[in-house]
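Peer 1: Here it is, the structure, as structure tokens.
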Amino acid sequence: MDDVEITDVNDEDSPFRVEKPPNNQDLSSLSLLAGELLSQYGWYLLAVTVVVYLLLQQLSKRRSRQSASSSAQQTLQDAALVAKRQEGMEAARMKMQEELDAKADIFREKQRQQEEEKRRQKIEIWDSMQQGRSYKGNAKPSQTTEEASSSTTASKPKSDKKPLRSADYNPLTGQGGSSCAWRPGRRAPSSGG
């Protein structure tokens with residue numbers, strides 16, 4: 001059994017010969033076809049590519065114009081809306097200003113009436129002082145000067161209320177109660193940090 005010899009059919013010289021990968025006929029034919037097309041129709045393909053590019057540019061410009069016109073219409077609508085809002089705000093401001101003016105007129109009228117009343121009271125006081133009556137303005141016009149002088153000299157009625165402190169109280173002397181006496185502070189160290 002030693003007579004068996006293994007030989008490769010394709011390999012005549014070496015038993016471990018590496019085969020070349022087979023050439024793909026489809027890819028090589030495709031590259032040849034593309035090369036032939038470019039050599040024959042290259043300028044035409046370039047012209048078609050440029051025309052398609054220019055058409056795409058025109059379409060994009062047209063779309064941008066349409067969007068710009070629609071945005072312009074949107075802007076016009078927004079401007080109209082803003083104008084309406086501003087008119088509404090202006091109307092509200094005018095209404096508030098009218099209310100404020102009305103309140104100011106009422107206030108001025110009240111002030112004028114108060115000033116007129118004060119002026120009238122001053123005139124009455126002046127007249128009463130010229131006639132020798134009380135200048136406080138509460139004297140009756142039918143009261144005579146003798147009655148006015150006798151009413152001012154009358155003694156005041158005593159009240160039934162108890163006074164808060166005794167008559168001899170003096171806070172500077174320290175007398176009057178143990179709660180008001182001065183006491184020195186503690187001698188302990190401060191507890192602050």
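FYI, it's all coordinate maths here, none of it is from the lab. Keep in mind that this is a model prediction, so the values were computed, not measured. Backbone-built Cβ (ideal geometry, glycine too); neighbour counts: all protein chains shown.
Peer 1: Between residue 64 and residue 86, what is the spin-label point distance in nm, taking each point 7 Å from the Cα along the Cα→C-beta axis?
Peer 2: 3.0 nm
Peer 1: Once the piece of chain linking residue 130 and residue 114 is laid out straight, how much longer is it, given 0.36 nm per residue of separation minus the C-alpha distance between them?
Peer 2: Answer, rounded to one decimal: 3.4 nm.
Peer 1: Using R₀ = 22 Å, calculate the FRET efficiency as 1/(1 + (r/R₀)^6) where r is the Cβ-Cβ separation of residue 49 and residue 27; round to 0.05.
Peer 2: Once the sixth-power term is evaluated, E becomes 0.35.
Peer 1: With N set to the residue count of the stretch 31-110, report its C-alpha Rg divided by 2.2 N^0.38 Å to two decimal places.
Peer 2: 2.86
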